Amino acid sequence: MNDSLDTITQISSLRELRLADNALSGDLSSSIQQLTNLEVLELQGNKLSTLPEEISALVSLRILSLSSNLLTTLPMESLASTSLIELTVSKNHLSDVLFGPSPRSLSRLRTLDVSINRLKALCPPDTELSLPELRSLNIAFNNIAHLPPLSSTPALTELLSEDNKISSLPPGFTDSTTLRVHDFTGNDFSRLDERIALMDALESFRIDANPLRERKFLSMKTAELKADLRRRLEAPGHVNV
């Protein structure tokens with residue numbers, strides 16, 4: 001339970017702390033700041049509702065797992081002071097936006113999973129988000145309608161965004177040379193951008209269960225879809241809108 005942290009945090013040399021599926025609840029103790037050498041922190045499967053700002057003291061923290069808790073917000077400004085490469089916060093109660101209006105860069109983050117929450121956006125409109133090393137982004141099963149420009153995640157290879165409210169590709173999407181896997185199942189797309197055909201790195205593109213005007217795309221495999229869109233681009237008199 002929570003009072004166990006008073007003892008555990010006295011082990012200042014600790015590098016890995018795994019407390020998944022225990023009886024932690026409410027606020028995570030600010031005493032966590034004493035574990036300045038901590039690299040892995042697993043807290044999934046508890047009933048935590050808040051993380052302390054003092055988590056910024058964990059400057060060596062690389063992996064943070066918080067799935068299946070009761071978190072409504074995350075102290076993203078504090079987490080930016082850590083060395084996170086993997087952040088998993090699926091199955092919580094996150095709502096509104098994940099990053100604040102002036103987000104600091106999580107310069108090393110490679111994997112971000114905020115699936116199965118209540119988020120409306122990753123960041124406020126016109127906010128310059130910077131996740132330069134992010135490879136995998138999972139925002140599935142939220143209420144997100146718009147994604148930030150792909151320039152904020154130039155290394156992204158996997159975007160999982162099924163069951164949201166997205167109706168258009170984020171700016172710079174079709175210019176990406178790194179994206180390989182995209183899942184827009186169960187969103188609000190009515191048409192597809194023909195320039196998807198020019199994305200050579202694209203291996204998997206799912207658009208099932210969208211209100212597309214051309215229903216044939218819903219059942220097409222990725223290679224077939226790209227071939228169809230490429231023919232349209234190459235057609236005489238084609239104008240891209």
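The values are calculated or read from the model by the stated rules, or taken from the named source; none is laboratory data. Given the structure is predicted, the values throughout are model-derived calculations rather than measurements. Every residue, glycine as well, gets a Cβ built from its backbone with ideal geometry; the counts of neighbours run over all protein chains shown.
Structure values in brief
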item	result
Close pairs from region 199-228: first closer than 16 Å to residue 163 by Cβ, partner of a type in the set (Asp, Glu) and buried (at least 18 other Cβ atoms within 10 Å of the Cβ), Cβ under 7 Å, at least 6 apart	206/183
Hits in region 202-232 (condition: of a type in the set (Lys, Arg) and either within 21 Å of residue 179 (Cβ to Cβ) or surrounded by 14 or more Cβ atoms within 10 Å (Cβ to Cβ) (or both))	206, 221, 226, 230, 232
Residue in region 195-215 that is out of contact with any Leu (no Cβ under 9 Å at 6 or more places or on another chain), under 30 Å from residue 133 (Cα atoms) and part of a helix (DSSP H, G or I) present	no
Selected residue (only one of 70, 66, 74 is more than 30 Å from residue 210 (Cβ to Cβ), of a type in the set (A, V, I, L, M) and surrounded by fewer than 21 Cβ atoms within 10 Å (Cβ to Cβ))	70
Residue count for region 135-157, restricted to those that are over 20 Å from residue 120 (Cα atoms) and crowded, with 19+ Cβ neighbours inside 10 Å	1
Selection count where residues are part of a loop (DSSP other than H, G, I, E, B) and closer than 16 Å to residue 178 by Cα, scope region 136-161	6
Count of region 162-184 residues which are in contact with a helix residue (DSSP H, G or I) (Cβ under 9 Å, 6 or more places away or on another chain), farther than 15 Å from residue 200 by Cβ and either of a type in the set (Gly, Ala, Ser) or not in a loop (DSSP other than H, G, I, E, B) (or both)	1
Residue in region 120-139 that is of a type in the set (Val, Ile, Thr), within 22 Å of residue 79 (Cβ to Cβ) and touching a Gly at 6+ places or on another chain (Cβ under 9 Å) present	yes
Per-region count, region 81-118, residues over 11 Å from the mean Cα position of the chain (by Cα), part of a strand (DSSP E or B) and closer than 22 Å to residue 52 by Cβ	3
Check on residue 61, touching a Ser or Thr at 6+ places or on another chain (Cβ under 7 Å), buried (at least 16 other Cβ atoms within 10 Å of the Cβ) and at pLDDT below 95	no
Residue that is modelled with the lowest pLDDT, among those in region 77-91 that are polar (S, T, N, Q) and more than 9 Å from residue 59 (Cα to Cα)	78
Hey, residue 74 closer than 23 Å to residue 37 by Cβ, touching a residue at least 12 places away in the same chain (Cβ under 8 Å) and under 15 Å from the mean Cα position of the chain (by Cα) or not	yes
From 183, 163, residue being within 16 Å of the chain's Cα centre (by Cα), at positive phi and in contact (Cβ under 8 Å) with a residue 24 or more places away in the chain	163
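Residues are listed down the side, and each one gets a yes or a no for (1) modelled with pLDDT under 95; (2) out of contact with any Cys (no Cβ under 8 Å at 6 or more places or on another chain); (3) within 28 Å of residue 126 (Cα to Cα):
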| residue | (1), (2), (3) |
| --- | --- |
| 178 | no, yes, yes |
| 190 | no, yes, yes |
| 195 | no, yes, yes |
| 218 | yes, yes, no |
| 222 | no, yes, no |
| 225 | no, yes, no |
| 233 | yes, yes, no |
| 238 | yes, yes, no |
| 241 | yes, yes, yes |
